[in-house]
Amino acid sequence: MGVYSNITIDEINQILTHYELGSAVSFSPTITGISNSNFKVTLENKTNVLLKISNDKTIDQLINEQHILLKLKKYSYKYSLHPFETIMGKSIYEHDGMYGVVFPYIDGMPPVIDDDSIFQIGIALAELHSLEIKKEDLDTIRSHDLVGHGGMSIYEYAYSTNAAPEFLDYFQSIITEDLQELPYDLFPAGVIHGDLYFDNSLFKNGKIVTLIDFEQSGRGRFILDLGIAISGSCLNRDKSNIDLNLLENFLKGYESIRKLKIIEKEYLDLAIKIGFFSISLWRIKRFYDGNLDSSKKNNYLELLSRAQKFSTINFKYFT
C-alpha cells in the first residue's frame, strides 16, 4: 500500500472550499487503499476528517459507491462511513483534475486476526446482509457484477485468450464444480460489501467501529460475500491458508445475527474458493491488465496459492 497522490495543505484547503467544514491546519497520510490515497486532515475547529483522492475509479463509479453508503445510512447500518455533502449537495468533489470524497474521520486500526476480532467481523457482515432494504431502494443500487467478479466472470476469464499466466492452471486444479450449472438464483441476495478482507475493518479498544472500502459493493449474492470475506480474513498466522478455528468463529459471529440457508451451507466450501479467485481477478484487472502499479502485477498469485492450500482441506459446513 502507498500514497498514489501527493498533495499540499493549500490544495487540501482548495478542495475544502467545496464544503462547509472550515479550513485545514494539518494533514498526514493514513490507511491507504490499493486504488486511492487517504489523508487524515485536522480542521481549524480541531476535528478530523478523512480526505480520499481516487486514483483508479471513474467519477461515475465513485458516485455509485457513495450512493450505496447513503442507502446504508438510510437503513441505519452502523458499520459504514457516510460522505459529507458538498455545498452543491454532491457526494463527491471535483477539483483541478482530482476527485474524491470527504468522510468523518474514525479513529481505528485494522485488527490483529484472532477469534474475537473475526467473530465481530462476522457479526458486521451478517448485519449488512440482514438489512431489510425496500425494493425501490435496492433497485437503485448497482449490481456487484459491474465492479466485482462472481463465478461466471471468473470462469469466462479463466478460459479467455488473455488470461494471466497460471490463472487457468490454478482454476482447473481447484474448481472442480461446473460454475455454469450452479443454482445462482436460489441464493439469497441483497447489498454485499464485496471486499471484506480483515484490513477493511477498523477496531478501537478491541471493538469493531466500522468497515471501509465499499468500492466493490453492490447488489449480489450473500454466499459470494461470505466466500470473499472468509478467504481474506480467516487466515492463519503466516497468512498462507485458512485457519479453520478462525473460520468457525467467523461463522459463529455471522450466524448469531443471520442463520445460513441450507443451500448456502452446501456451497460454502466452493464460495471460499471462488472468493480467492474473485479478488485475484480484481487484482489482475488493476495491476496486470491495468496500469495502477506494475510492481504488483503478480500479487494475484498469493491468493491463488492460498486457494490451492485451502482446497486440500476439504472443508464442509453442515452444523
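Values in this text are rule-based calculations from the coordinates and carry no lab data. Keep in mind the model is a prediction, meaning the values are calculated, not measured. Cβ sites come from the backbone with ideal geometry, for glycine too, and all protein chains shown count toward neighbours.
Beyond 26 Å in Cα-Cα separation lie the following of the pairs LYS239/LYS316; LYS71/LYS265; LYS57/LYS297; LYS78/LYS252; LYS265/LYS309: LYS71/LYS265.
Annotation: the chain has a Kirkwood hydrodynamic radius of 20.3 angstrom, from the mean reciprocal C-alpha pair distance. How far, in degrees from 0 to 90, does helix 115-129 lean away from the longest principal axis of the Cα atoms of the chain, to the nearest 10? Here the helix axis deviates by roughly 80 degrees. Given R0 = 25 Å, the distance between the Cβ atoms of VAL209 and GLN61 translates into a calculated FRET efficiency of 0.45.
Note: relative contact order over region 9-104, using C-alpha pairs below 8 Å and six or more positions apart, is 25 percent.
Within region 116-210, the GluC sites (Glu not before Pro) that combine a DSSP coil assignment with at most 16 other C-beta atoms in a 10 angstrom radius are GLU132, GLU166, GLU177. When the scattering of region 9-104 is computed by the Debye formula from its Cα atoms alone, each counted once and equally, what is log10 I(q)/I(0) at q = 0.13, 0.14 Å⁻¹? Taking Cα atoms of region 9-104 as identical point scatterers yields -0.42, -0.49. Label positions at GLU177 and LEU244, each projected 7 Å from the Cα along the C-beta direction, are separated by 1.9 nm. Projecting label points 7 angstrom from Cα along Cα→Cβ for SER28 and LYS285 puts them 3.5 nm apart. From most to least packed by mean Cβ count within 10 Å, the peptides 143-153, 211-221 give 211-221, 143-153.
For region 128-258, the calculated P(r) over all alpha carbon pairs, in 5 Å bins from 0 to the bin holding the longest distance, is 2, 9, 15, 20, 21, 18, 9, 5, 2, 0 percent. Rounded to the nearest 10 degrees, the inclination of helix 59-74 to the longest alpha-carbon principal axis of the chain is 80 degrees. With R₀ fixed at 25 Å, the C-beta to C-beta distance from LYS259 to LYS73 puts the FRET efficiency at about 0.45. For region 115-311, the relative contact order is 30 percent, taking Cα pairs closer than 8 Å that sit 6 or more residues apart in sequence and dividing their mean separation by the residue count. All other residues whose Cβ lies under 12 angstrom from that of HIS82 are scored, Lys and Arg at +1 and Asp and Glu at -1, for a net of +2. Each label point was placed 7 Å from the Cα along the Cα-to-Cβ direction; for ASN236 and ASN6 their separation is 4.3 nm. Once you sort the root eigenvalues of the Cα gyration tensor of region 116-160 as a ≥ b ≥ c, which label holds: rounded (a/c under 1.5), prolate (a/b larger than b/c) or oblate (the other case)? In terms of gyration-tensor shape, oblate.
Restricting region 7-57 to GluC sites (Glu not before Pro) that sit in a DSSP loop and have at most 11 other Cβ atoms within 10 Å of their own Cβ leaves GLU20, GLU44.
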